[in-house]
Amino acid sequence: MTLGNGWYSVHPEWGTLPHDSEEEAREAAQKAIDDSLGDNWHECVNDIEYGRIVTLGSVHQVDLVMAEDDDTGVCKAMGWDYRCKYELRPEPFVVEKPSSASLLLLADLVESGSFRPEMSVDEKLALVDDLRYLADEVRKGGL
């Protein structure tokens, strides 16, 4: 299965479905929840999710030897134009700018003690202030 832009939704009975955008994936997951609940609660509703798959590595051709440069004679014996190996190499990881809503949600979680409860009160206050500042900058189009 190809996941296109990497967005997907999962329903235990329907499987993994590819989507072109976050909005489409979220709407499919919400529809799966709504359909699973109906008149009764369905056990699989807890396993519904949506997300994005990020490519961390891909195959790259290495140790390329053209037939005319092949001292081993393998290319000539096999009728190949070249021989090579393949290896996985890491891809650059790009972090997308977070939405102001996600920053504010994180600020609320920190403030409530739901996120990193081991943090001191001063650390939580500082982080909450930073997150709210960043959310405001993102909302205004900065950063």
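Taking Cβ atoms as reference points and 13 Å as the exclusive limit, the residues near Pro18 contribute a net charge of -2, counting Lys and Arg as +1 and Asp and Glu as -1.
Ordering 50-62, 6-18 by mean Cβ neighbour count within 10 Å, with the highest value first, yields 6-18, 50-62. Selection among Leu131, Leu103, Pro117 by position relative to the dipole of segment 100-139 gives Leu103 as farthest towards the positive end (Cβ unit charges, Cα centre).
Where a number appears in this text, it was derived from the coordinates with a stated rule and is not lab data. It should be emphasised that the depicted structure is a prediction, and the values quoted were computed from it without experimental measurement. Here Cβ is always computed from backbone atoms with ideal geometry, including for glycine, and neighbour counts include all displayed protein chains.
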